[in-house]
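What follows is a short report on a single structure.
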Protein chains: 2
Amino acid sequence: MCKDYPPSQEEKECSCHSHVSKLPFIQPCLLLLLYEKPSHGYELMEKLLEFDLSLDAATVYRNLRKLEEEGLVSSQWYTQETGPARRLYKLTMDGEDMLHSWVHTIRRRKAVLEKFLKRYSNNFPNRSS
Amino acid sequence: MCKDYPPSQEEKECSCHSHVSKLPFIQPCLLLLLYEKPSHGYELMEKLLEFDLSLDAATVYRNLRKLEEEGLVSSQWYTQETGPARRLYKLTMDGEDMLHSWVHTIRRRKAVLEKFLKRYSNNFPNRSS
DNA sequence: CTCCCTATATGCATAATGCACATATTTACT
DNA sequence: AGTAAATATGTGCATTATGCATATAGGGAG
């Protein structure tokens, strides 16, 4: 892994791009969902299904707390409605910058997957669906 | 994570697909490279750069040993040429089946990334490069 | 009164990785 | 000859991330 991961706000990307291969996809998904609408963990857990992400509650809550530690989201308790208290998260400015940064990584990652699939097709032309 | 990961040889895919998000990309890359040509760890380490994968030697060697435990590759010491002995790996029949199985996962993973990027573009139309 | 859904959180075992380090062979340079 | 560097594989250790189980608590349905 390179030294400057996660990418700084100045560079918007790290220099070696090695994290393309270990993309912790839940993080950019949370940032995008929170850009669209402030939300809480339990709701986000369900929305993550749209990105084929597993719905383990512990993982979602811990990732949200981690994003908050990094200053990418902020939270406050919300008890207006019925039911248990919710921790309502919203995206910060740094979080929005990080979202844009992630997009570069994800585009590159997509290109790598395409490269793999093309190379596979070259070896197995009959299986290229 | 679902119970039937990795996918069995019968099903070719697991049922919940949650591993799409945690794709250990080094494994399918090793299988594809070994389909193209039997090789050893040090050489594979360099070829993995083509797929943007970090070149930590320990990770490569340990993944190869793991693939061998699972019966997807086989190895034998090779001392014909000059230099230190090499452990020469080649793909097994099960390994080739697993490679085909991985392709389904990677295609789905690619579709998820495209879904993310499209959703991002909807939110930031000016940034859609 | 109990069960289930909503909502958040912690503890523990497991798995995977990065880095440092160890070892051995051969080549290249001084 | 001596020493550094490239080739080649491997282990040990600390860190990190995850899944699963569990705990807690509010509120609605039967």
Quantify how strongly other chains surround peptide B:117-125 by giving the mean number of their Cβ atoms within 10 Å of each of its Cβ atoms. 4
Label position 7 Å from Cα toward Cβ: report the copy-to-copy distances for A:LEU117 in nm, one decimal, ordered from shortest. 1.1
Label point 7 Å beyond Cα along the C-beta direction, distances from B:TYR61 to other copies (nm, shortest first): 4.1
In nm, to one decimal, how far is the modelled label at B:ALA111 from the one at A:TYR42, with both set 7 Å along Cα→Cβ? 3.1
Non-local amide H neighbours of A:HIS40 (under 5 Å, H modeled in plane, Pro and chain starts lacking H): which ones? A:TYR89
Order these peptides, A:74-85, B:78-89, by their mean beta-carbon neighbour count within 10 angstrom, highest first. B:78-89, A:74-85
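Could you tell me what a quarter of the Cα convex hull surface of the stretch B:25-124 works out to, in nm² with one decimal place?
7.6
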Could the peptides B:56-63, B:98-105 be put in order, highest first, of the mean number of other beta-carbon atoms found within 10 Å of their residues? B:98-105, B:56-63
List the residue from chain A whose beta-carbon is nearest to the axis that rotates chain A onto chain B, together with that distance in whole Å. A:LYS110, 3
For every other residue with a beta carbon closer than 9 angstrom to the beta carbon of B:TYR78, add +1 if it is Lys or Arg and -1 if Asp or Glu, then tell me the sum. +1
What gaps in nm, shortest first, separate B:LEU49 from its twins in the other copies when you place the label 7 Å past Cα toward the beta carbon? 4.5
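Every number in this text was worked out from the coordinates using simple rules, so none of it is lab data. What you are looking at is a predicted structure, and each value in this text was computed from that prediction instead of being measured. All Cβ positions, even for glycine, are placed from backbone atoms using ideal geometry, and neighbour counts span all protein chains on display.
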